[in-house]
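Written below as structure tokens is the structure these notes are about.
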Amino acid sequence: MSSVMDLCVNGAAHRVSAEAEKSLLLVLRDDPALTGAKIGCGEGECGTCTVVVDNEVCRACITPVGAVTGKRIRTVEGLEEHGQLHPLQQAFLECGALQCGYCTSGMLRAAWALLQRNPALTELEIIAHMQGNVCRCGCYPRIVRAIQQASRHLEASAALEVPR
Amino acid sequence: MSEERDTRTRPGPEPGAGQSGGGQRPLAPESDAPKIGDWLHIDTDGLITVYTGKVEVGQNIRTSLAQVVAEELCDSIDRVKLVMGDTDLTPFDPGTFGSRTSSIMAPHLRTVAASTRELLRELAARQWQVPREELCAAGGSILHPASGRSAGYGTLTKGQKINEHYNEDAPVTPPDRRTTANALRVGGRALVTGEHQYVTDLTVPGMLAGSLLRPPAFGATLRSVDTMAAEAMPDVLVVREGDFIGVVAPDASTAAGAISAVREEWHRHEEASGEDLYSYLRTHPAEPPVEDTGSLVVGRAAADLTLDTTYTAAYIAHAPPEARAAVAEWSGEKLTLWTGTQRPFGVRGELALAFDIPEEQIRVIVPDTGAAYGGKHTGDAAVEAARLARAVRKPVKVVWTREEEFAQAYVRPAGVIDVASAVRSDGSLIAWEFHNYNAGAAGIRTPYAVPNQRVAIHPTKSPLREGSYRALAATVNHFARETHMDELACALELDPLALRLRNIRESRLWAVLEAAASRFGWGMRPATDGRGVGIACGTEKNSFVATCAEVAVDPASNRVTVGRVVQAFECGTIINPDAVLLQNEGAIIQGLGGALFEEIRSGNGTILSDRLSRYRVPRFADVPKIEVVLLDRRDLPSAGAGETPIVGIAPAVGNAIFDATGVRLRSLPLVSHDSGFAV
């Protein structure tokens, strides 16, 4: 049975009509038409569907939409502000941390959640945190480098005081 | 091994072979479009649009091709836009595979752009009544320094299609004056903002979602089917055309629910799998193509040592991040089809055949795609979406599930390789016999100088659906050959590097080996328990690679950790060094998966590794410290960089494991999942 639910996505309210068990991923892609989070493996193993829910990493493909109503959902589309790329997005481009780009939005959101918690990161902390995100093209070393670069940038500018 | 795949994957005429004198004459563009305007357009504002049937699947050719055109037209890269993989807009192209973009398409577009530049000079010369020689091109304009006059390209062409033929002898920038530049990725911004629409993200008005009934095993045929329950579901349409059974619904979840409500029975054939697979492959060969050089008998008679060994490689999957997908829209007898494929024109042909309509009525469009790795040659999802869309008279999108992607797509061939070699005590090879069962032809010829050889391919009726792969059989053939070389070195008590160098006559292969060994510090390693080093080299598609690996093996569990990889790579003139580095890093990491743990398991034709939780791929923590050394050969034409960098890692790691433990592993994957290897 479909029900009407209120979602808060990237700071904006969205009223959606869906079955409560339908995955957050499909709801986001269907109704607000936010297709940045991608369809990957369907079992939470690849991380290409990663969004952030109340500052925690969330695999949207195995999360029922009914479980996240009223929570703050953040997708890759919310990273850029006023036409200005987030330091993570900028770092991914500058470090060449992507090939086909299909996993990138999940990588960015997973990394963002990590930087929220702890902006001063060691390489091992990044690797441990990002282990659930697969880049089949094999950009892992560049992604680690990009996260470190963004981390330095954010530390320097203390931009984390205004979380997006 | 299907005939079709064999044709596609056989290495073509090697671009640049025999051109080491610096000849840069481009090869035929594999298309009969002779006009500049077929390939390149300049609008009234001087913006340059390039049309190529190549597709972007992550290898970053959208950038490297734009770089080449920008250089010849003396303009900045952000003034060049590429239209790629659109059968209505781009000239014919056989496909994006076989490392043909940098070797064939890039020099071709360079020629077209240089022809355009010369034409623009000619136009300006006529307009200003000055000799052409006094004019130069810079910053998107033709300049006449003597008088200070200038005219933008767009002003000169007035935005009209350029109907002049391009000139194959147009003067292109000589190799030693070409810019090698790390351009920021073209189209990168849309990828980091989530704005780019992959096929899986596309919608067209009125579009419905399709789902297909899938056979449980390779070659299974339908015995009976009951679709009544699915037909009774609201908003669901069932489409049946022979064994093709699909459903169409307003959204993907409803379509998936409807297809699972279909009840059916299948007729299945017995297919080899598991332990029986390799003996099956060896005992079911078709007629083998054999290539003989000299006499094995003569060679063996002169040998101080002979060595016979057998290697095997498992089926592996591409597991592209974006599964196969297509959106089909019919308008009368005209079909527009968006799909992620390496062969847009090939898929157009498949569709024409499937629906018996002329190719001119079909437009295939390939948006930049979520990777391929050789896995997206065919148009499976395209034909399915088009068939459903035609039946329900509405646009239909089909997105394969991850299970479909693993179980229905084709896999890299498994193979058995028997190697018999004969050497003199100084390490020189005098006989080489190489029998390849089912793995395929790419990279099968040894790059070492051996006077007496027999190289034979034995294709098999495969128990699983097989197809192309990144560098294809070159991965498996290099594993067998380079492991065998290591075994010879061990048997002769020679250094593995020295043994290779003794048998190499090709200076480019020698150069990458030396470069990799020198950066790695080969031979300077202190002996440590449980640590080992390995080396391997090879060549394919006119580029050269050498790989050194250092591994640590836990003595209790036999768990293998690859700690460091150094790879040297040479592909002629480098266009974009950072893109070539990235291809090397990515190939090493992807190759580590096939080397260590990737394996498609099957039972009687059914693929059991049918989801990511059952198919281990490399993740962050698997990545070693990687150093890549690029050799830039300005005297040689560019070759591709997406494939060859994958062939060295598996044998280098296997040889390093032997160095660490004394255990010789001759089967890929070397390690079973995370549990170490069996002794």
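Being of a type in the set (A, V, I, L, M, F, W, C) and crowded, with 23+ Cβ neighbours inside 10 Å is the filter here; which residues of segment B:390-411 pass it? It would help to see each step written out before you state the result.
The initial filter retains those residues of segment B:390-411 that are of a type in the set (A, V, I, L, M, F, W, C), namely B:391-392, B:396, B:398-400, B:406-407, B:409, B:411.
Answer for segment B:390-411, where residues must be of a type in the set (A, V, I, L, M, F, W, C) and crowded, with 23+ Cβ neighbours inside 10 Å: B:396, B:398, B:399, B:400, B:406, B:407, B:411.
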(message) Given (1) on the phi > 0 side of the Ramachandran plot; (2) modelled with pLDDT of 95 or more, identify the lone condition not met by residue B:453.
(response) (1)
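Search segment B:275-328 for residues being hydroxyl-bearing (Ser, Thr, Tyr) and buried (at least 24 other Cβ atoms within 10 Å of the Cβ), and hand back the single one that is farthest from residue B:594 (Cα to Cα). Show your work before the answer.
So the first thing to find is which residues in segment B:275-328 are hydroxyl-bearing (Ser, Thr, Tyr), and the list is B:278-280, B:283, B:293, B:295, B:306, B:309-312, B:315.
Within this subset, residues satisfying the condition of being buried (at least 24 other Cβ atoms within 10 Å of the Cβ) are B:311, B:315.
On the way: B:311: 14, B:315: 9 Å.
Step by step, filter segment B:275-328, then rank; the result is B:311.
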(message) Residues to consider are B:314, B:381, B:302; find the one that is within 14 Å of chain A (Cβ to nearest Cβ) and over 17 Å from the mean Cα position of the chain (by Cα).
(response) B:381
(request) Identify all residues within segment B:619-632 that are at the interface with chain A (Cβ under 10 Å from one of its Cβ atoms) and either in contact with a Pro (Cβ under 7 Å, 6 or more places away or on another chain) or open to solvent by less than 20 Å² (accessible area, probe 1.4 Å) (or both); write none if there are none. (result) B:620, B:623, B:624, B:626
(message) Between a residue in segment A:11-22 that is within 17 Å of residue A:74 (Cβ to Cβ) and any residue that is in a loop (DSSP other than H, G, I, E, B) and of a type outside the set (Gly, Ala, Ser), which pairs come within a Cβ distance under 6 Å, given they are 6 or more apart or on different chains?
(response) A:14/A:32; A:16/A:31
(request) Please verify whether segment B:643-653 includes one or more residues that are surrounded by 21 or more Cβ atoms within 10 Å (Cβ to Cβ), more than 14 Å from chain A (Cβ to nearest Cβ) and in a strand (DSSP E or B). (result) no
(request) Select from segment B:592-618 the residues that are open to solvent by 10 Å² or more (accessible area, probe 1.4 Å) and either under 27 Å from residue B:637 (Cα atoms) or of a type in the set (S, T, N, Q) (or both) and list them in ascending order. (result) B:602, B:604, B:606, B:613
(message) As an exercise: evaluate residue B:635 against (1) within 11 Å of chain A (Cβ to nearest Cβ); (2) outside any helix (DSSP H, G or I) and give the number of the one condition it does not meet.
(response) (1)
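Kindly indicate which of B:602, B:613 is over 22 Å from the mean Cα position of the chain (by Cα), within 8 Å of chain A (Cβ to nearest Cβ) and hydroxyl-bearing (Ser, Thr, Tyr).
Values: B:602 fails: within 8 Å of chain A (Cβ to nearest Cβ).
Just one listed residue meets the conditions, B:613.
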(message) Take the conditions assigned to a strand (DSSP E or B) and surrounded by fewer than 24 Cβ atoms within 10 Å (Cβ to Cβ) and apply them to residue B:387. Does it pass?
(response) no
(message) Can you list residue pairs whose Cβ atoms sit under 7 Å apart, with the first residue in segment B:367-381 being in the same structural domain as residue B:584 (by TED's automatic domain parsing) and the second being at pLDDT 95 or above and not basic (Lys, Arg)? Count only pairs 6 or more apart in sequence or on different chains.
(response) none
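Of all strands (runs of 3 or more DSSP E) completely enclosed by segment B:152-255, which ones contain at least 2 residues that are outside the structural domain of residue B:605 (by TED's automatic domain parsing) and either farther than 29 Å from residue B:57 by Cα or touching a His at 6+ places or on another chain (Cβ under 6 Å) (or both)? Spell out the reasoning first.
Numbers: elements: B:208-212, B:221-226, B:237-241, B:244-249.
The qualifying strands (runs of 3 or more DSSP E) are B:221-226, B:237-241, B:244-249.
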(request) Looking only at segment B:311-341, count how many residues are of a type in the set (S, T, N, Q), under 29 Å from residue B:586 (Cα atoms) and part of a strand (DSSP E or B). (result) 2
(request) Give me a count of the residues in segment A:25-44 that are at pLDDT 95 or above, at positive phi and within 8 Å of another protein chain (Cβ to nearest Cβ). (result) 1
(message) Of the residues B:545, B:580, only one is open to solvent by 10 Å² or more (accessible area, probe 1.4 Å), in contact (Cβ under 8 Å) with a residue 60 or more places away in the chain, within 19 Å of the chain's Cα centre (by Cα) and within 23 Å of residue B:514 (Cα to Cα); which?
(response) B:580
(request) Please find, among B:154, B:194, the residue that is open to solvent by less than 30 Å² (accessible area, probe 1.4 Å), more than 30 Å from residue B:582 (Cβ to Cβ) and in contact with a Leu (Cβ under 8 Å, 6 or more places away or on another chain). (result) B:154
(request) Mind listing just one residue for me: the one in segment B:136-194 that is of a type in the set (A, V, I, L, M) and closer than 30 Å to residue A:84 by Cβ and, of those, farthest from the other protein chains (Cβ to nearest Cβ)? (result) B:181
(request) Name the one entry in A:47, A:70, A:83, A:106 that is open to solvent by 10 Å² or more (accessible area, probe 1.4 Å), within 12 Å of chain B (Cβ to nearest Cβ) and of a type outside the set (S, T, N, Q). (result) A:83
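Which count do you get for residues in segment A:86-96 that are at the interface with chain B (Cβ under 9 Å from one of its Cβ atoms) and closer than 19 Å to residue A:57 by Cβ?
Taking segment A:86-96 first, the residues at the interface with chain B (Cβ under 9 Å from one of its Cβ atoms) are A:86, A:88-90, A:92-94, A:96.
With the extra rule that they be closer than 19 Å to residue A:57 by Cβ, the set shrinks to A:86, A:88-89, A:92.
Residues meeting the conditions: 4.
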(message) Can you go through B:283, B:306, B:312 and tell me which one is touching a helix residue (DSSP H, G or I) at 6+ places or on another chain (Cβ under 8 Å) and closer than 25 Å to residue B:460 by Cα?
(response) B:312
(request) Scan B:115, B:147 and give me the residue that is of a type in the set (S, T, N, Q) and either modelled with pLDDT under 95 or in a loop (DSSP other than H, G, I, E, B) (or both). (result) B:147
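The values are calculated or read from the model by the stated rules, or taken from the named source; none is laboratory data. Treat the numbers as computed from the prediction; the structure is a model and nothing was measured. FYI the Cβ positions are ideal-geometry reconstructions off the backbone, even for glycines, and counts take in every protein chain you see. Quick note on the areas: whole protein, heavy atoms, side chains included, nothing else; ligands and nucleic acids left out. Shrake-Rupley method; radii C 1.70, N 1.55, O 1.52, S 1.80 Å.
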